[in-house]
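The values are calculated or read from the model by the stated rules, or taken from the named source; none is laboratory data. A quick note: this is a predicted structure, and the numbers were derived from the prediction, not measured. Cβ sites come from the backbone with ideal geometry, for glycine too, and all protein chains shown count toward neighbours. Side chains included, ligands, DNA and RNA excluded: accessible areas come from the protein's heavy atoms. Shrake-Rupley method; radii C 1.70, N 1.55, O 1.52, S 1.80 Å.
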Amino acid sequence: MNSSSLIRSGVAAITLLAAQNAYAANKIGAIFDLTGGLNIYGIQQMNALQLAVENINANGGVLGEPIEVVSYDAQSEQSKYTQYANTAIMRDKIDALFAGLTSSSREAIRPIVRRANIPYFYPSLYEGGACDKQTFVTGPSASQQLSVLIDWAVKKYGTKIFVMAPDYNFGTISAHWVQEYAKQHGAEVVGQDILALTVTDYAPTIQKIQAAKPDFVVALPVGANQTGFLEQFAAAGLKDGIGVVSTNYGSGNQQVVVSPAAGEGLIANQGYFQVVDNPANAEFVKLWTAKYGNKEPIISEAVDTWNAVHLWAAAVAKAETTDSAPVIEALESGLSFDAPNGTVTLEAVSHHLRQNIYIAEGDANHSFKVLETVEDVAPVYENEQCDLISNPDMAEHFSPENN
């Protein structure tokens, strides 16, 4: 064989080896909103996924192979989720999918991953009730957050509640949960306003609040337009006499853009704030800032994504394969993870996490101070409604007003 033949043979061998290695890699798909109005969440979700993959790969990968990421930008458009989920599954042959922020994106993806029978991780707080064998939720549900928040707020402010929420699943179902927990704690919803995401003038809402005379407002603003409610509420001089609490304020770093007059004293409760003090979070923040800097605080959805990747990797290691059925069985075995937000544990029956819920107060420096930590909060509603062990074919989105 001459030298040119040897070179061609060598190149062919390297190409074949590269192709085999690429095929052998544990391949996951990521679909997040990297552009458009939701990119304040999506960029951090994608950053967290990449950081988690790098962290796992640096420690030997999974099953002795590195994790490979195939990523897509949903561009804050609903249709892109359906398109890219199908592409990632059918063309890219992914082993698991990590995707979505809004409830509508999750609901678009769920039937696709169900048909394909691959694990899907939804890394975001949400209104609750999603129940599907292939779907795993790593953010807290509304019942986890609001069960804690309404109890705390009624004790702090009083029993009269006004609800301001966006007009889609997250807002309308969360508003119903406020009604449920108000009854449980001897409180009353004295008014509510369910508003389109496009609304920018909140004078009518503020007038309704003034007329209702609540002790506190449950404000669930989504997107830049709705953050304006907080500024207008403060400008109307209502903050001194009416408390404001929220399950999603800060989840998109709203505290950075609102004025101290609007944000100071506002109460938020989520599964994670960057100021959470524990060794796992200290290490996570160190890794994050080394790679991405510290220009903006880390949001809860980033940690939800970090946790999701690590839980999937742990399940693959336990199953000793990336095949869906054994991995899902491993995920349902009660996996726990020492996460930045504290220990999280995956509940087999509902595919939701037991996790800490933190109550935090906004300060004058566009940050938060943790006031209270409620440990190991179970997804009680989802566990009650959804039993994916006894009924693995169940595929529902339960809502409290329909129970």
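Here is how the numbers come out for the structure above:
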read-out	value
Single residue of the range 281-303 satisfying the filter (among the hydrophobic types (A, V, I, L, M, F, W, C), over 16 Å from residue 344 (Cβ atoms) and free of Cβ contacts under 8 Å to residues at least 60 places away in the same chain) that is most open to solvent (accessible area, probe 1.4 Å)	290
Filtered residues of the range 349-362 (kept if in contact (Cβ under 8 Å) with a residue 40 or more places away in the chain and out of contact with any helix residue (DSSP H, G or I) (no Cβ under 8 Å at 6 or more places or on another chain))	356, 358, 360, 361
Scan of the range 256-272 for residues that are at negative phi, of a type outside the set (Val, Ile, Thr) and open to solvent by 10 Å² or more (accessible area, probe 1.4 Å), ordered by number	259, 260, 261, 264
Test for residue 49: is it among the hydrophobic types (A, V, I, L, M, F, W, C), in contact (Cβ under 8 Å) with a residue 60 or more places away in the chain, out of contact with any Asp or Glu (no Cβ under 6 Å at 6 or more places or on another chain) and open to solvent by 30 Å² or more (accessible area, probe 1.4 Å)	no
Pairs with Cβ under 8 Å, 6+ apart, first in the range 312-327 and open to solvent by 20 Å² or more (accessible area, probe 1.4 Å), second of a type in the set (Gly, Ala, Ser)	314/330; 318/330; 318/333; 319/330; 322/96; 326/319
Residue that is nearest to residue 355 (Cα to Cα) [pool: residues in the range 221-241 that are surrounded by 18 or more Cβ atoms within 10 Å (Cβ to Cβ) and touching a Phe, Trp or Tyr at 6+ places or on another chain (Cβ under 6 Å)]	221
Residue match in the range 25-36 (condition: crowded, with 21+ Cβ neighbours inside 10 Å, outside any loop (DSSP other than H, G, I, E, B) and modelled with pLDDT under 95)	yes
Top-ranked residue of the range 242-255 - restricted to ones that are among the hydroxyl-bearing types (Ser, Thr, Tyr) and modelled with pLDDT of 90 or more, ranked as surrounded by the fewest Cβ atoms within 10 Å (Cβ to Cβ)	246
Residues of the range 377-403 classified as among the hydroxyl-bearing types (Ser, Thr, Tyr) and open to solvent by less than 40 Å² (accessible area, probe 1.4 Å), total	2
Residue check, residue 80 in contact with a helix residue (DSSP H, G or I) (Cβ under 8 Å, 6 or more places away or on another chain), modelled with pLDDT of 95 or more and basic (Lys, Arg)	no
Count - residues of the range 104-140 that are within 15 Å of residue 94 (Cα to Cα) and touching an Asp or Glu at 6+ places or on another chain (Cβ under 9 Å)	6
Residue in the range 241-261 that is in a loop (DSSP other than H, G, I, E, B) and either touching a Lys or Arg at 6+ places or on another chain (Cβ under 7 Å) or of a type in the set (D, E, K, R) (or both) present	no
Selection count, the range 195-217, where residues are farther than 18 Å from residue 159 by Cβ, in contact with a helix residue (DSSP H, G or I) (Cβ under 6 Å, 6 or more places away or on another chain) and open to solvent by 40 Å² or more (accessible area, probe 1.4 Å)	2
Selected residue (only one of 338, 277 is touching a residue at least 12 places away in the same chain (Cβ under 8 Å), under 18 Å from the mean Cα position of the chain (by Cα) and open to solvent by 50 Å² or more (accessible area, probe 1.4 Å))	338
Subset of the range 65-95 that is under 17 Å from the mean Cα position of the chain (by Cα) and open to solvent by less than 30 Å² (accessible area, probe 1.4 Å) - its residue that is nearest to residue 33 (Cα to Cα)	74
